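Reading through the structure tokens given below for one structure.
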Amino acid sequence: MKSSLLAALLITAGAADAAAQTYPTKPVTIVVPFAAGGPSDAIARILGDRMKATLGQPFLIENVTGAGGSIGVGRAVRAAPDGYTISFGHLGTHVANQAIYPLPYDMLTDLDPVVLLPSNPMVVVSRNSLPAKSLQELIAWLKTNPDKASAGTAGAGSGSHIAGVYMQNLTGLRLQFVPYRGTAPALTDLVAGQIDIIVDQASNSMQQIRSGSIRAYAITDRKRLAVAPDIPTVDEAGLPGFYMTLWNGLWVPKGTPKEAITKLDAAVVEALADPAVKKRLVDLGLEIPERDQLTPEALGAWHKAEAAKWWPIIKAANIRPE
Ligand code: ASP
């Protein structure tokens, strides 16, 4: 090898090293594929604020909405793999969508995992003017209005949609799904009485449940939520086994430098260990993963396992793209 070429290579390698050591040197964008003010947006903002304290740069939230979150994920997949664009997503966007939409990217191979984020169960909620007072009464009311009773969702394949489809399958209900660009706008319409129900992420509905502007029927978990102990579990409310936990995560475009991934992961670990951050998340009904789950490898393994579990189920449900 010519010495000038070798020198050039060494300089390039040195520059890449230096870039990794100083990363990040400018603001980092987190692409949230749902509307501002919703549950995905809330987690991304709470963590982003705290990650700034660790990494010294602002974390900007870009809400790229539509088609069950698949447009926002596509935006992140196509971004430069330099650590400055992060894809926020969940079971719906990063698993279910691939079994529903004809996507120009592959979730398991076009993104690199960074870290698993807090998860939360769903809660069945309705507009206050609906006559039901229990989950059994709600199901009976929905059955008297087949195809007319409306369920707001954050789009085909979103958490609220998968949970609604699951509830249909368990009960024989037929719901009219109304897709929004996130459950923040769906919740606004529920409060206004424009739609009948949402099978919503608990963290999204919690404030409106507390203020009494919507009615909660059941939590899709084996245990009650510590922050809302009055809401029965699905087992207690008469729909046993209707469990669903929506987990979240962060990914980066394939080929992002390892150093950037390590720093992002460490910043999330630090954020989730901060008592003030923990309190904000737990107050929303979110559960924080164990420390050993907070590695890129753990998210990679979990993501693959969830895809293997859910793709056949979702394909069998024959959910149509929006
Ligand atoms: N996570 C979505 C949002 O932030 C809602 C969903 O998936 O149901 O709006």
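3J(HN,Hα) couplings calculated from phi for the range 149-163 with the Karplus curve 6.51 cos²θ - 1.76 cosθ + 1.60 (θ = phi - 60°) are, in sequence order, 4, 9, 10, x, 9, 8, x, 4, x, 6, x, 5, 6, 4, 5 Hz; Gly and Pro show x.
Note on Asp147 and Thr25: the model spin-label points, each 7 Å out from Cα along the C-beta direction, lie 6.1 nm apart.
As a ratio to 2.2 N^0.38 Å, the alpha-carbon radius of gyration computed for the range 142-232 takes the value 1.03.
Angle of helix 202-211 to the longest C-alpha principal axis of the chain, folded into 0 to 90 degrees and rounded to 10: 50°.
Computed from the mean reciprocal separation of all distinct C-alpha pairs, what Kirkwood hydrodynamic radius does the range 134-190 have, in Å? Can you show the working numbers first?
Values: mean 1/r = 0.0870 Å⁻¹.
Evaluated over the range 134-190, this radius sits at 11.5 Å.
Sort the following peptides by mean Cβ neighbour count (other Cβ atoms within 10 Å, averaged over residues), highest first: 41-51, 279-289. The partial results should precede the final answer.
Numbers: 41-51: 21.6, 279-289: 18.3.
In descending order of packing, they fall as 41-51, 279-289.
A helix-only calculation puts the chain at -13500 deg cm²/dmol for mean residue ellipticity at 222 nm, using -39500 (n - 2.57) for each DSSP H run of at least four residues, averaged over all residues.
Placing unit charges on the Cβ atoms only, positive for Lys and Arg and negative for Asp and Glu, gives the chain a dipole magnitude near 340 debye about its Cα centre.
Rounded to the nearest whole angstrom, the semi-axes of the ellipsoid equivalent to the range 195-234, taken from the Cα gyration tensor as √(5λ), stand at 16, 12, 9, largest first. Measuring between alpha carbons in the structure, the pairs from Lys26/Lys279; Lys258/Lys279; Lys52/Lys258; Lys254/Lys315; Lys258/Lys304 lying more than 24 angstrom apart are Lys26/Lys279; Lys258/Lys279; Lys254/Lys315. Dipole of the range 113-240, Cα-centred, from +1 at each Lys and Arg C-beta and -1 at each Asp and Glu C-beta, to the nearest 20 debye? For the range 113-240, the charge dipole is close to 60 debye. Once divided by 2.2 N^0.38 Å, the Cα radius of gyration of the range 210-283 becomes 1.57. Computed from label points 7 Å out along Cα-Cβ, the spacing between Ala266 and Lys315 is 4.1 nm.
Dipole of the range 152-309 (Lys/Arg Cβ +1, Asp/Glu Cβ -1, origin at the Cα centre): which of Asn169, Ala237, Pro275 lies farthest to the positive side? Sorting the options by dipole projection puts first Asn169. Hull volume per residue, based on the alpha-carbon atoms of the chain and their convex hull, is 130 Å³. Under 1.5 on a/c is rounded, so check that first for the range 199-322, then, if it is not, pick prolate when a/b is larger than b/c and oblate when it is not; a ≥ b ≥ c are the square roots of the alpha carbon gyration tensor eigenvalues. It comes out oblate by the Cα gyration axes.
Readers should treat all values here as calculations from the given coordinates under stated rules, not as data from a laboratory. The model shown is predicted, which means the values in this text are computed figures rather than measured ones. Cβ: placed from backbone, ideal geometry, glycine included. Neighbour counts: every protein chain shown.
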